[in-house]
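The values are calculated or read from the model by the stated rules, or taken from the named source; none is laboratory data. Please read these numbers as outputs of a predicted model, since none were measured by experiment. Backbone-built Cβ (ideal geometry, glycine too); neighbour counts: all protein chains shown. Side chains included, ligands, DNA and RNA excluded: accessible areas come from the protein's heavy atoms. Shrake-Rupley method; radii C 1.70, N 1.55, O 1.52, S 1.80 Å.
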Amino acid sequence: MELSEAAVAELNGQNPFVVAQQQCDDCANILNIDLGVREIIREPMQEIHVSIPVRMDDGSIRVFKGFRVIHNTALGPAKGGIRFHPDETVDTVKALAAWMTWKCSLLELPLGGGKGGVICNPKEMSPGELERLSRGYVDRVWQFIGPDKDIPAPDVYTNPQIMAWMMDQYSKIAGKNQFGVITGKPLRLGGSAGRHDATARGGLYVLREAARTRNLNLKGATMAVQGFGNAGSYVASLARELFGCRIVAVSDSRGAVYNRMGLNPQLLSEHKRMTGSVADYPKADPLPQGELLELDVDVLCPCSLENVITSGNAQRIKASIVAEFANGPTTPEADEIFYAKDVHLLPDFLCNAGGVTVSYFEMVQNFNMFYWDEKEVYERLDNKMTAAYYSVLDISRKYGVNMRRAAYIVAVRRVAEAMQLRGWV
Ligand code: GLU
């Protein structure tokens with residue numbers, strides 16, 4: 001079937017890598033940046049494709065496709081998570097690697113951007129199968145990663161246990177203990193205090209400042225959380241605990257629930273642990289998943305995957321602050337709509353940078369063999385997130401651009417300067 005030009009454009013618009021490139025071009029135009037820089041940042045520096053054979057529990061061998069992409073290392077070794085997802089594509093991983101470059105730059109971490117992914121459905125795999133897949137991934141990519149090269153971490157559907165297996169496999173190959181090769185590890189194995197909820201906590205520090213900017217009192221403010229997973233479950237519980245927000249709706253891949261009086265995130269987590277989903281939580285009404293985004297709330301937190309806010313629904317979104325804890329939830333068209341409607345958007349690579357920031361603290365602690373307490377981690381995280389928010393707000397006002405463009409301006413400038421100093425351009 002022949003697709004019309006408009007249909008092709010729309011399909012491309014859903015491709016996160018095309019979005020990431022558009023965002024780079026857009027920023028390069030505003031900054032009138034050196035042509036060499038522009039060309040370099042449009043493409044990843046390295047893209048690795050691997051096939052990972054795994055012995056399944058029934059004795060058969062299945063081969064899984066995996067990727068590891070390095071977008072840019074001008075500021076330091078690459079850093080970024082590994083996703084295990086049935087719909088993973090290399091283009092998604094490429095976009096996410098680019099966003100890691102901007103995220104690390106924005107937070108002034110001495111790190112570049114990378115990302116990995118494996119096409120698999122961890123929900124249908126046993127712990128043994130997952131362990132063999134995790135170790136198999138390292139067997140395929142170990143030459144390309146390392147504490148001073150590229151340092152993976154958890155992301156969608158990966159967790160501290162998976163990080164522990166990967167660290168152990170890399171250490172076996174290296175013939176020595178290598179805690180610094182991966183972050184998001186369990187506390188017992190060189191993990192950092194405060195890493196488990198760092199993405200949520202860091203974004204909430206940003207939200208606290210954004211609420212100040214908007215004169216919104218967070219105590220009693222209503223919040224909807226789309227994606228009650230690695231980040232979202234902590235967003236809900238910490239927003240309630242730290243600020244007294246009222247969480248009125250949450251969703252996950254299987255359903256959504258709503259209660260105007262407020263939900264108890266701890267009980268929801270318990271329900272999800274028992275049943276696998278927030279759906280059917282007894283103290284709430286069911287809600288069609290798409291409707292959660294359009295609820296009349298003060299703060300909307302997309303916490304799952306890419307492209308959930310598009311030109312199709314942005315106009316109907318009523319929240320005055322949208323905090324992107326997910327990577328890439330909003331398309332460029334929706335960004336424009338938000339800006340016109342004066343929605344205060346906290347862009348992904350600012351709002352969800354708490355995870356990689358504490359990952360960086362974890363690396364520092366691993367290198368020094370000296371570990372900090374939670375209080376020290378939280379204070380340092382707060383300082384970094386708050387400084388990053390105001391650097392973006394300042395540029396947004398100075399240039400009269402939306403918060404995403406402003407975040408790009410801050411981040412791309414620093415990477416461009418590093419490339420110039422290295423003599424790459
Ligand atoms: N996967 C997280 C992110 O997208 C954390 C990355 C890291 O800790 O390196 O920011």
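Please go through (1) within 16 Å of the ligand (Cβ to nearest atom); (2) of a type in the set (Gly, Ala, Ser); (3) modelled with pLDDT under 95 for GLY312 and return the number of the only condition it doesn't satisfy.
(1)
If ALA95 passes every condition in (1) open to solvent by 10 Å² or more (accessible area, probe 1.4 Å); (2) outside any loop (DSSP other than H, G, I, E, B) but one, which one does it miss?
Unmet condition: (1).
Residue check, GLU131 against (1) assigned to a loop (DSSP other than H, G, I, E, B); (2) at pLDDT 95 or above, all met but one. Which one?
Only one criterion in (1) assigned to a loop (DSSP other than H, G, I, E, B); (2) at pLDDT 95 or above is unmet by GLU131, namely (1).
If I filter segment 98-111 down to residues being near the ligand (Cβ under 8 Å from one of its atoms) and more than 18 Å from GLY146 (Cβ to Cβ), which single residue comes out as surrounded by the fewest Cβ atoms within 10 Å (Cβ to Cβ)?
The qualifying residue surrounded by the fewest Cβ atoms within 10 Å (Cβ to Cβ) is TRP99.
Looking at LEU187 and the list (1) of a type in the set (A, V, I, L, M); (2) within 14 Å of the ligand (Cβ to nearest atom); (3) open to solvent by 10 Å² or more (accessible area, probe 1.4 Å), which single condition is not satisfied?
(2)
Does ASP139 fit the bill of being away from the ligand (no atom under 12 Å from the Cβ), open to solvent by 50 Å² or more (accessible area, probe 1.4 Å) and outside any helix (DSSP H, G or I)?
No: the conditions fail for ASP139.
What number of residues within segment 204-234 are assigned to a loop (DSSP other than H, G, I, E, B) and over 21 Å from THR386 (Cα atoms)?
Counting residues in segment 204-234 that are assigned to a loop (DSSP other than H, G, I, E, B) and over 21 Å from THR386 (Cα atoms) gives 5.
Picking from GLY80, GLY114, GLY76, GLY128, which residue would you name as being more than 28 Å from MET403 (Cα to Cα) and either within 16 Å of the ligand (Cβ to nearest atom) or not aromatic (Phe, Trp, Tyr) (or both)?
After applying the criteria, what remains is GLY128.
A quick yes/no check of all residues on (1) crowded, with 19+ Cβ neighbours inside 10 Å; (2) in contact (Cβ under 8 Å) with a residue 60 or more places away in the chain; (3) farther than 15 Å from SER105 by Cβ:
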| position | (1), (2), (3) |
| --- | --- |
| LEU381 | yes, yes, yes |
| THR386 | no, yes, yes |
| SER391 | yes, yes, no |
| ASP394 | no, no, yes |
| GLY400 | no, no, yes |
| MET403 | yes, no, yes |
| ALA407 | yes, yes, no |
| ARG413 | no, yes, no |
| ALA418 | no, yes, no |
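Quick test of your reading of the structure: ARG195 fulfils all but one of (1) surrounded by fewer than 23 Cβ atoms within 10 Å (Cβ to Cβ); (2) of a type outside the set (Ser, Thr, Tyr); (3) touching a Leu at 6+ places or on another chain (Cβ under 9 Å); (4) not in a helix (DSSP H, G or I). Name the failing condition by number.
Just one mismatch for ARG195, condition (1).
Considering each of VAL50, VAL37, VAL54, VAL63 in turn, give the residue that is aliphatic (A, V, I, L, M) and open to solvent by 20 Å² or more (accessible area, probe 1.4 Å).
So the residue among VAL50, VAL37, VAL54, VAL63 that is aliphatic (A, V, I, L, M) and open to solvent by 20 Å² or more (accessible area, probe 1.4 Å) is VAL63.
So, in segment 323-344, how many residues would count as being under 22 Å from THR92 (Cα atoms) and of a type in the set (A, V, I, L, M)?
Qualifying residue count, segment 323-344: 3.
If you check LYS176 against the conditions, is it open to solvent by 10 Å² or more (accessible area, probe 1.4 Å) and not in a loop (DSSP other than H, G, I, E, B)?
no
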